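The values are calculated or read from the model by the stated rules, or taken from the named source; none is laboratory data. Please read all numbers here as calculations on a predicted model, not as lab measurements. In this analysis, Cβ positions are derived from the backbone assuming ideal geometry, glycine residues included, and neighbour counts consider all displayed protein chains.
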Amino acid sequence: MTTTASAAPRSDLLQVSPLGDAFHVFDTTLRDGAQREGITYSVADKIAVATLLDELGVGFIEGGWPGAMPKDTEFFARAAAGELTLGSAQLVAFGSTRKAGIRAKDDPQVRALLDSQAPIITLVAKSDVRHVERALRTTLEENLSMVGDTVAFLVGEGRRVFLDCEHFFDGYVADHDYGLRVAEAATTAGADVIVMCDTNGGMMPVGLHQVVAEVKARTGFRLGIHCQDDTGCAVANTVAAVQAGATHVQCTANGYGERAGNADLFAVLGNLVVKMGLPVLPDGRLGEMVRVSHAVAELANIAPNTHQAYVGSSAFSHKAGLHASAIKVDPELYNHLDPEVVGNGMHILITEMAGRASVELKAKEFGIDLAGLPQVVSRVVDTVKEREASGWSYEAADASFELLLRDELAAARGEEVTAPFRLESYRVIVENTANTVGQGRIVLSEATVKVHVGGQRVVATAEGNGPVNALDSALRAALADHLPGLAGVELIDYKVRILAGHAGTDSVTRVLVASSSTKAAGAPEWTTVGVHANVVEASWEALVDSLVYALRSAPEPVGPTPGA
């Protein structure tokens, strides 16, 4: 087949990014990523996500499909009105080619793309013979005309155009030429980039690399890549396409997208910059990846993936003692890069697998130097292993582990460890009673706590919506006058786990309590653990650790020195 070189875009329309136009990082979180089950962005959310992506330094942000989705139409209108200010990124509108049998300028959907005022338009087109004939229900020649006419019209109206060739790889297997004819029709009409889409997500890296290389050799067109993750290969496929000659990558933040999702923007960027040495982001922006990833997750109302490559909180966590021993000598021995490069950090997990090196490295995270104190390290290792055999777990409870470590260190120095308060007893009552106002029944919990604090015996009673809530409220009421610093501490998460090897209602349970200090700058968070056959006692243990940790980690004394 004959090919035509891509028409150069009009220079007066280009807002050249600091990176120039040599490589495109194209984000479609707000369009393709929004198709993930459970995600519903408001217009305000979309503006916030776009702002975050611009701060990361992506070159293009696809905002949605104006004219087809009212919310997307509003987003572009508000962006044009000045509610969205972008630095290096350019806003992109997504839409389809004209319908069969009408002129592009008369198609309302094409007009809506112009009305969006986006400087760049991504058009989606069928590039698989089977889809043209069976889904689009038109002729192969009419589909080519639809592509060429729409691209030419939009370019003539001053827009830069990228073409998404839907089902390109499946179509290429069925017919090696038709997809290239679609690409040629778009390029001849002025499209800048031909994006090869693995729409069904079924490609593997070796096969995809071969196709991209063949198309590059046969056409010379500027090629882009868009991969779904149905085989778990979207990131690998994207990297393979770049290695084969693609210079435009389409991704979504955190891999959000329909079905199994899309190529994860952060994994792709990490691989391109760190592993391949491609400067596809402005200087200094790679370190924003963790912050942006987690902020987008919050806006999407999806918990961050702790094991996500590069940006997950566990991406540089080490559990095995063997790993920790090597890391103590040189962190690079078990880390594929310095975590700080991408805005992350290394974490040592304390479990029954932990050895001496794990404890020493974890202590350094707390600002504690255990050098020259082998007996403390040995006692901590032994205690952790003994407790974990009984169901305790410090892997997700750093605060409880730090208290254990500091108590052992104080004992080794001959220092007396004084508890800020001492429990005499507690009692919890759960009452199920008739609702005298309306139908149904009312379940109330009441807790009474007797503690010794500040040289006094204090008794406090409180109600709650459950036994743990009532116990927490009663304990805080008892301590409030003597330890006023606890007023800023609040429980933000509560998890109960039935331990393996136990069954039924008499099972041993593990409770994790996450807390935060709302009065402190940056709202620090910490997690504590309790284990017992009685879930209320396990909760009590975790609650007490949480409050003690808050008191001991306060920068200044938060109350009078307590007595026993």
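Given the criteria touching a helix residue (DSSP H, G or I) at 6+ places or on another chain (Cβ under 8 Å) and in a loop (DSSP other than H, G, I, E, B), does residue 138 qualify?
When the stated conditions are applied, residue 138 passes them.
Any residue in region 184-191 that is in contact with a strand residue (DSSP E or B) (Cβ under 7 Å, 6 or more places away or on another chain), without any contact (Cβ under 8 Å) to a residue 60 or more places away in the chain and part of a helix (DSSP H, G or I)?
No, region 184-191 contains no residue that is in contact with a strand residue (DSSP E or B) (Cβ under 7 Å, 6 or more places away or on another chain), without any contact (Cβ under 8 Å) to a residue 60 or more places away in the chain and part of a helix (DSSP H, G or I).
Output the number of residues of region 273-307 satisfying the condition of being closer than 19 Å to residue 52 by Cβ, in a helix (DSSP H, G or I) and touching a residue at least 40 places away in the same chain (Cβ under 8 Å).
13
Quick check on region 136-153. Is at least one of its residues modelled with pLDDT of 95 or more and either among the basic types (Lys, Arg) or not assigned by TED's automatic domain parsing to the domain that holds residue 228 (or both)?
No, there is no match, as no residue in region 136-153 is modelled with pLDDT of 95 or more and either among the basic types (Lys, Arg) or not assigned by TED's automatic domain parsing to the domain that holds residue 228 (or both).
Going through region 411-422 one residue at a time, which ones are assigned to a helix (DSSP H, G or I) and modelled with pLDDT of 80 or more?
none
For region 432-439, state whether one or more residues are surrounded by fewer than 15 Cβ atoms within 10 Å (Cβ to Cβ) and either at pLDDT 90 or above or not assigned by TED's automatic domain parsing to the domain that holds residue 524 (or both).
So far as region 432-439 goes, no, none of its residues is surrounded by fewer than 15 Cβ atoms within 10 Å (Cβ to Cβ) and either at pLDDT 90 or above or not assigned by TED's automatic domain parsing to the domain that holds residue 524 (or both).
Suppose the filter is farther than 14 Å from residue 122 by Cβ and modelled with pLDDT of 95 or more; does residue 75 pass it?
It is true that residue 75 is farther than 14 Å from residue 122 by Cβ and modelled with pLDDT of 95 or more.
For residue 498, all conditions in the list (1) crowded, with 18+ Cβ neighbours inside 10 Å; (2) modelled with pLDDT under 85 hold save one; what is the number of the exception?
Residue 498 satisfies all of (1) crowded, with 18+ Cβ neighbours inside 10 Å; (2) modelled with pLDDT under 85 except (1).
Quick one: residue 134 ticks every box in (1) touching a residue at least 12 places away in the same chain (Cβ under 8 Å); (2) closer than 24 Å to residue 32 by Cβ; (3) not hydrophobic (A, V, I, L, M, F, W, C) bar one, so which box is it?
So the condition that residue 134 fails would be (1).
Please specify each residue of region 395-429 satisfying the condition of being of a type outside the set (Val, Ile, Thr) and without any contact (Cβ under 8 Å) to a residue 12 or more places away in the chain.
Across region 395-429, the qualifying residues are 407, 410, 411, 413, 414, 415, 416.
For residue 257, indicate whether it is closer than 24 Å to residue 62 by Cα, without any contact (Cβ under 8 Å) to a residue 40 or more places away in the chain and assigned to a loop (DSSP other than H, G, I, E, B).
When the stated conditions are applied, residue 257 does not pass them.
I need the full set of residues from region 69-86 which are within 18 Å of residue 110 (Cα to Cα) and either touching a residue at least 60 places away in the same chain (Cβ under 8 Å) or not in a helix (DSSP H, G or I) (or both), in order please.
69
Counting only residues that are assigned to a helix (DSSP H, G or I) and in contact with a helix residue (DSSP H, G or I) (Cβ under 6 Å, 6 or more places away or on another chain), which one in region 463-475 is nearest to residue 538 (Cα to Cα)?
Of everything passing the filter in region 463-475, 468 is nearest to residue 538 (Cα to Cα).
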